[in-house]
Amino acid sequence: MGPVVSKLSADYAGRVEVRRYEVDRLSKDSPDFKDVAKLADAVHFNVTPTFLVISRSGEVHGRYEGITSYATLSRDLETELKP
């Protein structure tokens, strides 16, 4: 899924913030550990990968568990970006 995340990040640079956390590989010594653990508790990750589309106000508007195509994620982002 790394290539999909990289392509989303490049294609939507300046319009959305794309973050990638490998929660199954994150060590407690990582500087992101507390933030990722808090996020994981809030949205209840059941499967990796899990993709979330979160609005500027912090609401989850899209959730995809498992392998997800670039086209699916891009379509959801485009919907969120419409005024």
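Bear in mind these aren't lab numbers, they're just calculated from the coordinates by the rules spelled out. Nothing here was measured: the structure is a model prediction, and the numbers come from that model. All Cβ positions, glycine included, derive from the backbone under ideal geometry; neighbour counts span all protein chains shown.
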Taking 0.36 nm per intervening residue step and subtracting the Cα-Cα distance, what contour gain separates ASP24 from LYS82 on full extension?
17.6 nm
With contacts defined as alpha carbon pairs under 8 Å and 6 or more residues apart, what's the relative contact order of the chain in percent?
24 percent
Quick one: angle between helix 33-43 and the longest Cα principal axis of the chain, in degrees between 0 and 90, rounded to 10, please.
60 degrees
Karplus (6.51, -1.76, 1.60) ³J(HN,Hα), θ = phi - 60°, over segment 60-71, in Hz, Gly and Pro reported as x
7, 9, x, 9, 10, 10, x, 4, 9, 6, 4, 4
Calculate the dipole size of segment 2-81 relative to its Cα centre from +1 charges on Lys and Arg beta carbons and -1 charges on Asp and Glu beta carbons; express the result in debye to the nearest 20.
80 debye
Could you pull out every one of the lysines with an alpha carbon less than 30 Å from that of LYS82, ignoring same-chain neighbours closer than 8 positions?
LYS7, LYS38
